[in-house]
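A.B. asks: Encoded as structure tokens, here's the structure I'll be asking about.
The values are calculated or read from the model by the stated rules, or taken from the named source; none is laboratory data. Since we're looking at a predicted model, the values are computed, not measured. FYI the Cβ positions are ideal-geometry reconstructions off the backbone, even for glycines, and counts take in every protein chain you see.
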Amino acid sequence: MGTWFGTSPRGCFIPAIYEVPGTVTSGAWKNQKDGLENIYNKTWLYNVVNAVSDYTADNTGSSDASTAVSNAITAANGAVFLPAGTYKLSNIALKPGLTIFGEGRATKLIPNNGTTDNIFVFGNDDSNVLIHSLYFYGDGTDVLGSYGFGIYISATAGHECENIRVMGCEFENFSDSGVRCAGGIKKSWFVDNYLHDNTDGGTGSADLNFLGTVEDVTIQGNRCLSVNDTGIRCIPTGSIRKIRIIGNTSIGHDEKGIAISTA
């Protein structure tokens, strides 16, 4: 199952696959060579903001929860917890150093307006972010390359996002990409995510879609089972190097399971 650190719901649930024996030292994120067992810096586990009880985010799916969740992120000095429920969200900007997590499939995130909204967005220099145990559910009306992604990264050259971790999340019913990295990303992990039943929004659609600079990135243990063009697509406009694609499953796509090409 896993372990709660701290007192629920102010603590944090770590899925069993990521449990770490002993104490993890504080400070910067671990280097990739240390492996997945050290990805969690537990110094934030006792400083968790609950978006519902602390900032009255609606988790019934009946109203837009964007302002409350954004306020929780702004106030957080560590992590934001989204308890079980359904959250309507519009282009939630994540900040450097943030951890945001939920209770797996029980924490469902949907776009407030699928024709104009992404759920989470990264801008320039938004680094050191951990996203885990969340269920992203699109409305199937997004347009290729424009909007409607579960996670959208748009950092420009020279301001790439680094140390981004998307782990143990689920992405369903997006008509382009569950995760779209249109901007640059470095030293990051996409691990043990489940991307399925995403539809074909047009040429270039993919469950995991990397289009900008891609350097020192691990893509591991993901399950991609959709009918869009590609499961994992790394065809960047910038540089591509040190990509590790390990132990993924990609089934049912129109064109390729995995597509990689240099700029």
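A.B. asks: Under 7 Å by Cβ, and 6 or more places apart or on different chains, what pairs join a residue from the stretch 234-249 that is more than 13 Å from PHE210 (Cβ to Cβ) with one that is at pLDDT 80 or above and assigned to a loop (DSSP other than H, G, I, E, B)?
C.D. replies: GLY247/GLY221; ASN248/GLY221; ASN248/ASN222
A.B. asks: Can you name the condition, by its number, that ASP192 falls short on among (1) surrounded by 19 or more Cβ atoms within 10 Å (Cβ to Cβ); (2) in contact with an Asp or Glu (Cβ under 6 Å, 6 or more places away or on another chain); (3) on the phi > 0 side of the Ramachandran plot?
C.D. replies: With respect to (1) surrounded by 19 or more Cβ atoms within 10 Å (Cβ to Cβ); (2) in contact with an Asp or Glu (Cβ under 6 Å, 6 or more places away or on another chain); (3) on the phi > 0 side of the Ramachandran plot, ASP192 is out only on (2).
A.B. asks: How about the stretch 219-233: which of its residues are over 14 Å from GLY204 (Cβ atoms) and either in a strand (DSSP E or B) or within 15 Å of the chain's Cα centre (by Cα) (or both)?
C.D. replies: ILE219, GLN220, GLY221, ASN222, ARG223, CYS224, LEU225
A.B. asks: I've got another one for you. Tell me which residues, restricted to the stretch 220-238, are closer than 19 Å to GLY252 by Cα, of a type outside the set (D, E, K, R) and surrounded by 22 or more Cβ atoms within 10 Å (Cβ to Cβ).
C.D. replies: Once the filter is applied, which keeps residues that are closer than 19 Å to GLY252 by Cα, of a type outside the set (D, E, K, R) and surrounded by 22 or more Cβ atoms within 10 Å (Cβ to Cβ), the stretch 220-238 yields ASN222, CYS224, SER226, ASN228, THR230, GLY231, ILE232, CYS234.
A.B. asks: Can you find, within the stretch 84-95, the residue that is nearest to ILE164 (Cα to Cα) among those that are in contact with a strand residue (DSSP E or B) (Cβ under 7 Å, 6 or more places away or on another chain) and not small (Gly, Ala, Ser)?
C.D. replies: Step one: of the stretch 84-95, the residues in contact with a strand residue (DSSP E or B) (Cβ under 7 Å, 6 or more places away or on another chain) are 84-94.
Restricting the remaining residues to those that are not small (Gly, Ala, Ser) gives 86-89, 91-92, 94.
Values: THR86: 24, TYR87: 22, LYS88: 23, LEU89: 20, ASN91: 17, ILE92: 16, LEU94: 11 Å.
Selected residue: LEU94.
A.B. asks: Please find, within the stretch 234-244, the residue that is nearest to the chain's Cα centre (by Cα) out of those that are among the β-branched types (Val, Ile, Thr) and not in a strand (DSSP E or B).
C.D. replies: Pass one, the stretch 234-244, residues among the β-branched types (Val, Ile, Thr): 235, 237, 240, 243.
Remaining after also requiring not in a strand (DSSP E or B): 235, 237.
On the way: ILE235: 19, THR237: 21 Å.
Here the residue is ILE235.
A.B. asks: GLY102 is checked against (1) over 30 Å from GLY158 (Cβ atoms); (2) touching a Gly at 6+ places or on another chain (Cβ under 8 Å); (3) buried (at least 21 other Cβ atoms within 10 Å of the Cβ) and fails just one. What number does that condition carry?
C.D. replies: Against the list (1) over 30 Å from GLY158 (Cβ atoms); (2) touching a Gly at 6+ places or on another chain (Cβ under 8 Å); (3) buried (at least 21 other Cβ atoms within 10 Å of the Cβ), GLY102 comes up short only on (2).
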